[in-house]
Structures are given as C-alpha cells and as structure tokens.
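J.: Sending over a structure as structure tokens; questions will come in a sec.
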Amino acid sequence: MIIAIASGKGGTGKTTVATGLAYTLARDGRRVELLDCDVEEPNAHLFVRPQSDCTEPVGVPVPRVDAEKCTNCGLCSEVCQFNAVACLPDRVVIADELCHGCGACVHFCPVQAMTETDRNIGVLESGRSTLDGVNKLHLRYGRLRIGEAMAVPLIRAVRRAAGPCDVTLIDAPPGTSCPVIAAVKGADFVLLVTEPTPFGLNDLQLAVEMVRALELPLAVVVNRSTVGDRAVWDYCRNENIDILLEIPDDRRIAEAYSRGLIAAEVLPQYAQTFRDLYLGIRDS
Amino acid sequence: MKIVITADGTDLDAQVDPRFGRARYFLLVDTEDESVTAHDNKQNLNAAQGAGIQAGQNVAGLGAEAVVTGNVGPRAFGVLQSAGIKIYLAGGGTAREALEQFKAGSLQEVGAANKPGHWM
C-alpha cells in the first residue's frame with residue numbers, strides 16, 4: 001500500500017506524521033519504505049537516522065546539436081513546448097535550465113543532428129534506519145542542487161528507488177503544484193495534515209481540490225488540534241472528509257521534535273495512535 | 001541598417017516597451033528611410049517561460065542587426081549575442097525618439113543582461 005502524506009501549508013506536521021507512521025509500522029515488523037519527496041528541504045533523515053548505503057547523482061537529459069549535421073530547419077524550436085530551443089539563422093542555441101528533457105527535439109530532428117547528454121539536478125540518497133528496534137525501515141530521499149528549478153525528475157527518481165515492501169510512505173513537499181503532484185500521483189491514499197487555523201484551513205482546501213483532481217481517496221489529520229478554532233472540523237463535515245487523527249498540542253511532542261526524535265519513540269502511547277491511523281487508512 | 005525597437009504600438013509614435021522578451025510589438029525599422037513594419041509578439045507575451053529566447057530567435061529571423069529596448073534578461077541576451085545582434089538600452093519615450101537617439105549614437109550598447117531571468 002502506498003500512502004502519501006501531504007498538506008497545502010508548510011510546517012503542519014507532514015514529517016511528524018510520516019516518520020511516526022514509518023517508525024510504528026516498522027517496529028511492528030512491517031517492511032516500510034519511507035520516501036522523503038521534499039527534495040528542496042529533505043529532513044526525514046534527521047529523525048530516521050539512516051546509515052547511508054547509497055548516494056547517486058540524478059540528471060535530466062538535455063539536447064546537444066551537431067553543427068555539422070544541423071540544417072537550421074527550426075523544427076526543434078517549433079516542437080519545444082518549453083521555449084528552451086532557439087533556432088538562429090546560422091546555429092541552434094539551447095537553454096538547459098528551461099529544458100524538461102522530453103526529447104521532442106531529438107525525436108523530430110529530420111537529420112539526427114541532436115543527441116542527449118545528462119545535466120545533473122541533484123542526488124538520490126538511500127539508507128536503512130538505525131533506530132532501536134527497527135530493522136525494516138528504508139529511507140530514500142533526494143537533495144536538489146541549490147538553485148535548480150527542475151524538482152520533478154528528482155522526485156520521480158526517489159519514487160522509483162522504492163524497494164519491495166509492505167507499506168510505502170511518501171512525505172510530500174508542501175504546496176499544490178508539480179512537485180506535490182509528482183510526489184502523490186499513483187498513491188493508494190493521501191493523508192492531508194493540517195492545523196486548526198485560518199491559514200491551515202485555507203491551504204487544506206487547496207490541497208483537497210488538488211487530490212480530488214487526481215481522483216485519489218483522502219482523509220485529514222489535524223495536528224495541534226487543541227489550539228486554534230473549529231473551522232477545519234466544520235469544513236471536513238460539510239465536505240464529507242474523514243478526520244482520522246487529531247494530535248493534541250502536546251509539549252512533549254515538541255520537545256522530542258526539537259531533539260530530532262520521533263514522538264512514538266519516546267512517548268509509547270503515540271505508537272498506538274499511529275497504529276490506529278494506519279488501520280483507519282486501510283479500512284477507509 | 002535594419003533595427004528592432006520594442007514598442008507598445010505598431011508605429012514610431014508608440015512608447016518604447018521596457019521589456020524585450022515580453023514586448024507587445026517589435027518594430028522593424030530601416031534606419032535609412034525610416035520605413036516600419038510591426039511584428040506582433042503576443043505568443044511570447046503569454047509564454048510560461050522562455051519568452052526571451054523565442055523573442056531573440058524571432059528578432060534574428062527578421063534580419064535585424066541591432067535591438068533597442070528597455071531591459072534585457074540573461075537568456076535573451078545570450079541568444080541575441082549568439083546571433084551577432086547588438087543591444088542598446090533606451091530609457092523610455094517614443095520609438096521615434098529612440099530611433100533618433102540610436103542614429104545620433106547616444107544610446108549605450110550593453111555587454112551583459114541588465115535584468116535577472118525568471119528562473120534565477
């Protein structure tokens with residue numbers, strides 16, 4: 001089963017929920033793959049503490065032109081949907097950072113003047129968790145090169161890296177655009193983590209619209225549920241969205257988090273909470 | 001020689017458009033007889049990305065030897081430079097004023113982009 005943990009708003013507790021679920025399910029003996037798809041700011045590794053066993057570069061294909069063969073027909077520029085290719089009267093100029101690596105220019109070149117080379121966008125990291133009592137938890141995550149705009153190919157590489165397992169957990173980036181969609185697409189279930197504030201509700205609504213556009217089943221987790229207002233509950237009732245878990249504003253969770261510890265690791269009662277959450281997802 | 005002036009209208013009385021890649025029109029002007037043809041840049045005006053690159057390609061295709069505009073980003077600059085087209089910055093005013101300044105040699109040629117691109 002593939003469960004994606006997403007949110008519109010950042011800082012609602014996606015990583016807290018993802019690592020809490022990963023830790024609990026792995027301690028119960030399940031083989032868990034945790035995929036941290038927030039490649040701009042990955043941080044699940046701080047909690048899962050993996051022993052790095054693999055670091056590999058990830059690239060996207062970009063075209064190169066053989067000036068000897070090129071006839072300056074302009075077809076490469078015409079078929080490029082991303083305006084990454086300019087055909088000048090005597091040469092072709094390529095803007096690598098705009099290229100999405102779709103290969104259309106290479107495919108359509110009538111004289112086979114174009115070939116592809118790899119442009120590095122970041123690295124893929126893999127490692128097994130070193131947490132006590134956990135030996136079937138694998139973490140995969142990407143680190144996007146600073147300044148790189150092309151996050152989606154790296155997110156896809158993280159998704160592809162998942163090994164055989166019982167449960168795949170995807171820690172998605174915040175927002176509702178391409179990187180989030182690349183992270184949650186193909187999941188069996190999406191958990192949306194929010195907080196009971198006007199800001200949390202507004203971004204939850206955006207995230208619900210996104211998940212519904214992808215036609216995936218979803219439910220909500222309300223984090224810091226004992227603060228703020230009740231508007232998130234009203235919204236979920238009106239929209240027929242299940243709230244599968246409410247995590248109270250518990251100072252002990254914040255303390256564990258501040259030391260880089262998973263709540264369920266130091267507060268055993270939360271292990272049952274995450275177990276119930278998993279069963280709730282499976283049954284819905 | 002033929003030059004392109006970016007403008008918000010189709011003749012020399014139009015204002016110089018301060019943007020290059022997303023200029024409203026390219027006025028192709030013959031500096032000898034001041035004849036003008038206007039080329040719509042609507043396609044790049046609405047482009048999600050890469051407007052400067054396509055605009056540079058289109059200007060090169062028009063056979064211009066120089067561009068007079070308000071600002072130029074890094075990729076447009078790169079394409080224009082590759083095409084051997086010189087770039088001059090005009091502070092504002094009408095296309096006619098910019099043309100006079102160009103002919104009088106009072107516009108500064110730029111050797112680098114003066115604006116960052118959208119992705120930088």
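Each value in this text was obtained by applying a stated rule to the coordinates, not by laboratory testing. Note that the coordinates shown come from a computational prediction; the quantities given were computed from them, not determined experimentally. Cβ atoms come from the backbone with ideal geometry, glycine included; neighbour counts cover every protein chain shown.
J.: Going by average Cβ density within 10 Å per residue, which order do the peptides A:93-105, B:23-35 take, highest to lowest?
T.: Averaged packing, sorted descending, gives the order A:93-105, B:23-35.
J.: Show me, for the range B:45-50, the HN-Hα J-couplings you get by feeding each phi into the Karplus relation (A = 6.51, B = -1.76, C = 1.60, θ = phi - 60°), rounded to Hz, glycine and proline as x.
T.: 4, 9, 5, 5, 7, x
J.: Can you flag which of A:LYS136/A:LYS185; A:LYS185/B:LYS42; A:LYS9/A:LYS185 are past 28 Å Cα-Cα?
T.: A:LYS185/B:LYS42
J.: Kindly work out what percent of the DSSP beta bridges joining two residues of the protein assembly as shown are antiparallel, to the nearest 5. It would help to have the intermediate numbers written out before the result.
T.: Details: 41 of 75 bridges.
If I count the DSSP bridges inside the protein assembly as shown, around 55 percent turn out antiparallel.
J.: How compact is the range B:1-79 by the rule of thumb for globular proteins, expressed as Cα Rg over 2.2 N^0.38 Å?
T.: Working it through for the range B:1-79, the quotient is 0.98.
J.: Taking 7 Å along the Cα-to-C-beta vector as the label spot, tell me the A:ALA231-A:THR130 distance in nanometres, rounded to one decimal.
T.: Between A:ALA231 and A:THR130, the label points sit 4.5 nm apart.
J.: If we count other beta carbons within 10 Å of each Cβ, what is the order of B:PHE20, A:PHE47, B:PHE102, fewest first?
T.: B:PHE102, A:PHE47, B:PHE20
J.: Another question, if that's okay. Once each part is reduced to its C-alpha centroid, what is the distance from the range A:1-64 to the range A:93-145 in angstrom?
T.: Each part reduced to its Cα centre gives a spacing of 17 Å.
J.: Hey, can you grab everything whose amide H is under 5 Å from the amide H of B:ALA66? Only 5+ residues off in sequence or another chain; H modelled, so Pro and N-termini drop out.
T.: B:VAL4, B:LYS86
J.: State the cysteines of the protein assembly as shown left without a partner when partners are defined as other cysteines whose beta carbon lies under 4.7 Å away.
T.: Cys with no partner Cβ under 4.7 Å: A:CYS37, A:CYS54, A:CYS70, A:CYS73, A:CYS80, A:CYS87, A:CYS99, A:CYS102, A:CYS109, A:CYS165, A:CYS178, A:CYS236.
J.: Taking Cα pairs under 8 Å and at least six residues apart, what relative contact order does chain A come out at, in percent?
T.: 27
J.: Enter the per residue convex hull volume of the range A:217-281, computed from alpha-carbon coordinates, in Å³ rounded to the nearest integer.
T.: On the way: hull volume 5.7 nm³, N = 65.
Value for the range A:217-281: 88 Å³ per residue.
J.: Mind checking A:84-96 for the average number of partner chain beta-carbons within 10 Å of each residue's beta-carbon?
T.: Average neighbour count from other chains, rounded to a whole number: 6.
J.: Right, here's the next one. Nearest 500 deg cm²/dmol is fine: what mean residue ellipticity at 222 nm does chain A get from its DSSP H runs of n ≥ 4 alone, each adding -39,500 (n - 2.57), divided by its residue count?
T.: -9500 deg cm²/dmol
J.: A follow-up question, please. Would you kindly compute the Cα radius of gyration of the protein assembly as shown and its largest Cα-Cα separation (Dmax), both in Å?
T.: When restricted to Cα atoms, the protein assembly as shown yields Rg and Dmax of 27.2, 86 Å.
J.: Rounded to the nearest 0.05, what FRET efficiency do A:GLU239 and A:THR117 have when you use their Cβ-Cβ distance and R0 = 51 Å?
T.: Efficiency for this residue pair is about 0.60.
J.: Long-range amide H contacts for A:GLY122: which residues qualify at under 5 Å (H placed 1.01 Å from N, peptide plane, sequence gap of 5 or more or a different chain)?
T.: It is A:VAL58, A:ARG145, by chain and number.
J.: Starting from the amide H of A:LEU88, placed 1.01 Å from N in the peptide plane, find each other amide H under 5 Å away whose residue is 5 or more places distant or on another chain.
T.: Those qualifying (amide H under 5 Å, at least 5 residues apart or on another chain) are A:VAL93.
J.: Please give the calculated 222 nm ellipticity per residue for chain B, where each DSSP H segment of at least 4 residues contributes -39500 (n - 2.57) and the sum is spread over every residue; nearest 500 deg cm²/dmol?
T.: That calculation yields -8000 deg cm²/dmol at 222 nm.
J.: Determine the shielding of peptide B:41-52 by partner chains: average, over its residues, the number of Cβ atoms on other chains within 10 angstrom of each Cβ.
T.: Partner Cβ neighbours, averaged per residue: 3.
J.: Taking R0 as 35 Å, what FRET efficiency do you get between A:GLU215 and A:CYS54 from their Cβ-Cβ distance, rounded to the nearest 0.05?
T.: Calculated transfer efficiency: 0.55.
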